[in-house]
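The values are calculated or read from the model by the stated rules, or taken from the named source; none is laboratory data. This one's a predicted model, so the numbers in the text were calculated from it and none came from an experiment. So basically every Cβ, Gly included, is an ideal-geometry build from the backbone, and we count neighbours across all protein chains shown. Areas reflect the complete protein model, heavy atoms only, side chains present, ligands, DNA and RNA absent. Shrake-Rupley method; radii C 1.70, N 1.55, O 1.52, S 1.80 Å.
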Amino acid sequence: MTSLDINKFFPEQLKIQEISETNEKISIELESQTKQGICPCCGVVSQSCHGTYVRKVQDLPMMGKAVILQIKAYEYNCEDPDCEVVSFVETIDGFLNYYSRKTERLADLICAIALETSCEGCSRICKAMNITISPDSVIRLLIRRYETQPEPICSSTIGVDDFAFAKRKTYGTIIVDNDDHTPVAVLEGRDKDTLKRWLEKNKHIKAVTRDRASAYAAAIEETLPAAMQIADRFHLHQNLLEAVRGALNGSIPSTVNIPVNAKDYVHDEDNAIKKTANRKK
């Protein structure tokens, strides 16, 4: 395989300079062909080059060997005098982000494995594929990916319920879009303030299905007083059972004595006396 064959697997902004191979890894030296960069803070396009440096990043394994990219990249000065950033490194959208030590396609693979297995399992699988990453790094990668995702947009009808991260220890709140039954948000805690903060950002909601938790009811009433609150079927049954139990407790005594049939009682007593007499004989 020649460098000409591999060129098509990299963005046009990167040009392969040299390829070296050992028994364990393949090293590819690339040089950036960009002439400008976009400031990640203010978004201003800059052509003022601050300098160059070599970025060492992991890429997808090739032929069972680890692939290390050594990219000669540019650092640009931010041309916005009001921006807090003085200089920034260039990024190649869809392939390499700011300060990342792994290509985006490798990060996609790691996240896919982690979501199907676990962070520990993902680390072991990656090790077998000659990808270097620890379980803690997998967790940080997943959190970073989650934080960069756009805020999901839900319909005007949602469902709210609590669940346990760890039974009897840590609880959370899940919010589901009732139109397509997909989770919209997972909140830490199940108290009133947690749900209120989320509802304040989603004032378009008109109906909420929930359980009988008073904390959720209070949060909805205070934040969206015009929204309709709907109890789900399970908790309607619970309400009915409690109402029936209350009605029965008020009309039926707690202790009911069952009378014994007098004839049966006398007959059983006579048999007991006869058995006692026979034993004495």
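Compute the distance from the alpha-carbon center of the stretch 100-179 to that of the stretch 9-42, in whole Å. That distance is 28 Å.
Which residue, chosen from C111, G43, Y99, occupies the Cα position most advanced towards the positive end of the dipole of the chain, where the dipole is computed from +1 (Lys, Arg) and -1 (Asp, Glu) charges on Cβ about the Cα centre? Most positive-ward Cα: C111. Relative protection proxy for 239-250, 184-195, from highest mean packing down: 184-195, 239-250 (other beta-carbon atoms within 10 angstrom). Between R101 and E120, the simple spin-label model (points 7 angstrom out along Cα→Cβ) gives 2.3 nm. Per atom type, the chain shows carbon and sulfur on 53% of its accessible surface, probed at 1.4 Å.
Solvent-accessible area per residue for the chain at a 1.4 Å probe radius, Å²? Numbers along the way, then the final one.
Working: 19080 Å² over 281 residues.
Accessible area per residue, the chain: 68 Å².
With the cut-off at under 19 Å, measuring from each backbone N in the stretch 67-90 to a point 7 Å along the Cα-to-Cβ line of Y53 picks out 69-79, 84-90.
Would you tally the net charge around L115, using a Cβ to Cβ cut-off of less than 13 Å, leaving L115 out, and scoring K and R as +1, D and E as -1?
Net of charged neighbours comes to -1.
Are any of the pairs K35/K56; K72/K102; K35/K65 more than 23 Å apart by Cα-Cα distance, and if so, which?
Values: K35/K56 20 Å; K72/K102 15 Å; K35/K65 33 Å.
Where the Cα-Cα span goes over 23 Å, the pairs concerned are K35/K65.
Counting Lys and Arg as +1 and Asp and Glu as -1 over every other residue whose Cβ lies under 9 Å from the Cβ of I16, the net charge comes to -2.
Please figure out what share of the DSSP beta bridges in the chain is antiparallel and state it in percent, rounded to the nearest 5.
Numbers: 38 of 53 bridges.
That works out to approximately 70 percent antiparallel.
Entry note, the stretch 190-258: relative contact order of 30 percent, from Cα contacts under 8 Å with a spacing of 6+ residues.
In this label model, F234 and I19 are separated by 5.6 nm, measuring between points 7 Å along each Cα→Cβ vector.
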